[in-house]
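> I am attaching a structure below and will ask some questions about it afterwards.
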Amino acid sequence: MDYSAHDPEHPGGADPWASSPQHSRGPSFAQPPTSDIPSSPLPPQASPYGQGSENYGYIGDHGSQNRPGTASENGDSSQPPQSSGQDGPQSPQQQQLASAQGQQGNQRHDQPNRYHGARQQRQQPQYKLQAKVTGLERTGRKDPILKFDVYTNLPKFRTTQFRDVRRVHSEFVKLEEHLISANPEALVPAVPPPTTSAGVGTDEDEARVKASLQRWLNVVCSNDVLIRDEEMVFFIESDFGYSPVVRRKQPATGVRRKVIKQFAPPPDDTPELAAARPIVKAFYLGTMDSEQKVEKVVRSRRSLGLAESDLGVKFAAMHVQETHPGLSMAYRKLGKVIQATGDFHAAQGTAEATTLGDPLQYHSSDAFIVKETLTNRHILLRELLQAQAATRSKLSAADRLKASSSVKRDKVDEAIAALDEARSHETYLLQKSQRVTTNLLQEQRKWFTRTAAEMRSAIRDYVVRQIEAERRTLATLEQVRPDIRAIDGSGGLSRLGREAHPAQRRASLASSQGPKGDAWSGVPRRPGDGLNRSISGSLVTVPGISEEDEDDEDGINTHGRKRAASKDGSLKGVTEEDEDRIDAKNAASRLAAATF
């Protein structure tokens, strides 16, 4: 038998020490045959490949008798072991040398075995399945075709790489339904919808669909239970579309499932899973209700956009019959601005539906699958309780038959067969319930973490898009301010909230939104004056020509309320208090000043 060939896939099938050096090479062979084992620290005369090499790598008194393969079997001419009885009594120096060689051989035995075991652990393959989305194709209103590449080292697949795998969206749904029914111990994520609220054909829609399907593939391919399902092989390797080969159903469907849900849940020895189902159900109902409310908001905002566009058209049409040149120009510019604002509100509604409505709808369907999976576990626990009760009844029937005076052979055989069948069924359900409970305990923790992260990302995206929309609306409204102020010589509407009006005033082209509020009116805020706080902003200094400087340049002394200077301690304290007040004015100023 030849043990010289070492197969790395089967490290236990060949002798790693069969390639020991021949006698003709002498003791100068210092490099071991395996690179994982460090070089021997022993001197050449004490090398384990010399005298006594038959005990190398083995512990015990059997020597080379139980060794599966030796150098002599491979054709090497090694010297036979020398025993103390053949050559007469040994000298004390020879006995010391033999004992030293035996100790060194045992030390060398531990070292290569330790490294050999570590190499066996490293060589155990870690199975994985990876899929990368490469493209998305749409043809009219048909299901989109998703293109992806797959890499795997699972032994069930015929190769390790699959390029340009094409599957339509409905095939992903079929795979999801099979995985849910065939794997009660795994939480299969819901397949994302084929379209988004961004609009079919847009770049954002394509990017979001590809990203969502990539996340779905990542979750499925990272699950050790799902990647070992036979349908995963058929789904990836099928050349002409995919359809489930084995169709499995839920444990209970239809009216029976609804009736089972009406009962109280069975006794559960895992409190974490027992508390998870009510939480998941509340999340499912909450996300579904929130998505419906967001949809109503989107419809209202789109209706507002249409109404504003119509209003802008009618405002712009009023400049034709207006004889005042400044007011005619203001009508025309204001109409265009209102029309643009309506378009922005319609786009803002679409952004709300895309960034918040779609994630809420998806997580609602995903939570429904998780809830039903936990319900399947409750059904399994009920079946286990029924199986235990059936086993007890069969056992009691066998005991009654055993205690009876007249025992018939056929009844005994029937009772024993029924008891064995009940016990085997109970054992099967017990093992299945333990496996399902153990896996679902890990799966629900991953699901909670993944769902929380995705919802946080969706809410952040929604908030950023809302702020961008409000900033765009404010910037659009800023464009019409010079035309409104240039309606007449006194500054048009720029002196709203002032008691005295100058005879002549220049329109300020500086931005009306400052860190402390709206600069269209310079009335300072006073404590307890809710009207002034709601219709006017606090005094701010904007770049360019300020309104107070313009009053001084025009030589006009206002006879109304005196403007408060910043050195006034009482007003300064009030202003600091009003900075943290939550109202529409502060919200607008913070939107204008906030940066991301």
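> From the list 304, 374, 311, exactly one residue is part of a helix (DSSP H, G or I) and within 32 Å of the chain's Cα centre (by Cα). Which is it?
374
> Okay, next question. Which numbered condition in (1) out of contact with any Leu (no Cβ under 6 Å at 6 or more places or on another chain); (2) within 22 Å of residue 373 (Cα to Cα); (3) assigned to a helix (DSSP H, G or I) is the only one that residue 277 fails?
(1)
> Only one of (1) more than 30 Å from residue 454 (Cβ to Cβ); (2) surrounded by fewer than 14 Cβ atoms within 10 Å (Cβ to Cβ); (3) among the aliphatic types (A, V, I, L, M) is not met by residue 282, so which one is it?
Every condition holds for residue 282 apart from (1).
> What number of residues within segment 285-313 satisfy the criterion of being open to solvent by less than 60 Å² (accessible area, probe 1.4 Å) and closer than 21 Å to residue 197 by Cα?
Residues in segment 285-313 being open to solvent by less than 60 Å² (accessible area, probe 1.4 Å) and closer than 21 Å to residue 197 by Cα: 8 in total.
> How do the pairs read when you match residues in segment 252-280 that are over 20 Å from residue 364 (Cα atoms) with residues anywhere that are of a type in the set (Gly, Ala, Ser) and surrounded by 12 or more Cβ atoms within 10 Å (Cβ to Cβ), using Cβ under 6 Å and keeping only pairs 6 or more apart or on different chains?
Close Cβ pairs (under 6 Å, with a partner that is of a type in the set (Gly, Ala, Ser) and surrounded by 12 or more Cβ atoms within 10 Å (Cβ to Cβ)) amount to 260/252; 268/274.
> Also: Go through the residues of segment 205-224 one by one and say whether even a single one is surrounded by 20 or more Cβ atoms within 10 Å (Cβ to Cβ), of a type in the set (A, V, I, L, M, F, W, C) and farther than 25 Å from residue 358 by Cα.
no
> Hey, another quick one. Across segment 145-155, which residue is nearest to the chain's Cα centre (by Cα) among those that are surrounded by 14 or more Cβ atoms within 10 Å (Cβ to Cβ) and farther than 17 Å from residue 215 by Cα?
The qualifying residue nearest to the chain's Cα centre (by Cα) is 152.
> Looking at segment 314-326 only, could you name the residues that are touching a residue at least 24 places away in the same chain (Cβ under 8 Å) and open to solvent by less than 50 Å² (accessible area, probe 1.4 Å)?
Once the filter is applied, which keeps residues that are touching a residue at least 24 places away in the same chain (Cβ under 8 Å) and open to solvent by less than 50 Å² (accessible area, probe 1.4 Å), segment 314-326 yields only 326.
> Within segment 371-405, can you find the residues that are of a type outside the set (A, V, I, L, M, F, W, C) and open to solvent by less than 40 Å² (accessible area, probe 1.4 Å)?
371, 372, 373, 375, 376, 377, 378, 391
> Could I ask something else about it? Kindly check whether there is at least one residue in segment 309-317 that is of a type in the set (Lys, Arg), under 17 Å from residue 368 (Cβ atoms) and at pLDDT below 95.
no
> Turning to a different aspect of this structure: I'm trying to understand the selection: among the residues of segment 119-133, which are at pLDDT 90 or above and open to solvent by less than 70 Å² (accessible area, probe 1.4 Å)?
Within segment 119-133, 129, 131, 133 qualify.
> Step by step: first the residues of segment 151-203, then only those that are outside any loop (DSSP other than H, G, I, E, B) and basic (Lys, Arg), then the one that is nearest to residue 441 (Cα to Cα). Which residue is that?
Of everything passing the filter in segment 151-203, 174 is nearest to residue 441 (Cα to Cα).
> Could I ask something else about it? Tell me, please, whether a residue that is in contact with a His (Cβ under 8 Å, 6 or more places away or on another chain), assigned to a helix (DSSP H, G or I) and either open to solvent by 60 Å² or more (accessible area, probe 1.4 Å) or touching a residue at least 12 places away in the same chain (Cβ under 8 Å) (or both) can be found in segment 231-248.
Looking for residues that are in contact with a His (Cβ under 8 Å, 6 or more places away or on another chain), assigned to a helix (DSSP H, G or I) and either open to solvent by 60 Å² or more (accessible area, probe 1.4 Å) or touching a residue at least 12 places away in the same chain (Cβ under 8 Å) (or both), one finds at least one in segment 231-248, hence yes.
> I need a count of the residues in segment 397-415 that are in a helix (DSSP H, G or I), out of contact with any Leu (no Cβ under 7 Å at 6 or more places or on another chain) and farther than 17 Å from residue 425 by Cα.
Residues in segment 397-415 being in a helix (DSSP H, G or I), out of contact with any Leu (no Cβ under 7 Å at 6 or more places or on another chain) and farther than 17 Å from residue 425 by Cα: 9 in total.
> Only one residue in 478, 454 is open to solvent by 30 Å² or more (accessible area, probe 1.4 Å), on the phi < 0 side of the Ramachandran plot and in contact with a Pro (Cβ under 8 Å, 6 or more places away or on another chain), so which one is that?
Criteria check complete, one pass: 454.
> Residues to consider are 266, 251; find the one that is touching a His at 6+ places or on another chain (Cβ under 8 Å) and surrounded by 13 or more Cβ atoms within 10 Å (Cβ to Cβ).
On inspection, the qualifying residue turns out to be 266.
> Listed residues 352, 308, 383; which is closer than 30 Å to residue 258 by Cβ and charged (D, E, K, R)?
After applying the criteria, what remains is 383.
> Can you name every residue in segment 194-204 that is open to solvent by less than 40 Å² (accessible area, probe 1.4 Å) and at pLDDT below 90?
Of everything in segment 194-204, just one residue is open to solvent by less than 40 Å² (accessible area, probe 1.4 Å) and at pLDDT below 90, namely 199.
> Considering only residues of segment 332-354 that are polar (S, T, N, Q) and under 15 Å from residue 296 (Cα atoms), which is most open to solvent (accessible area, probe 1.4 Å)?
That would be 350.
The values are calculated or read from the model by the stated rules, or taken from the named source; none is laboratory data. It should be emphasised that the depicted structure is a prediction, and the values quoted were computed from it without experimental measurement. Virtual Cβ from ideal backbone geometry, glycine too; neighbours counted across all protein chains shown. With ligands, DNA and RNA removed, areas are computed over all heavy atoms of the protein, side chains included. Shrake-Rupley method; radii C 1.70, N 1.55, O 1.52, S 1.80 Å.
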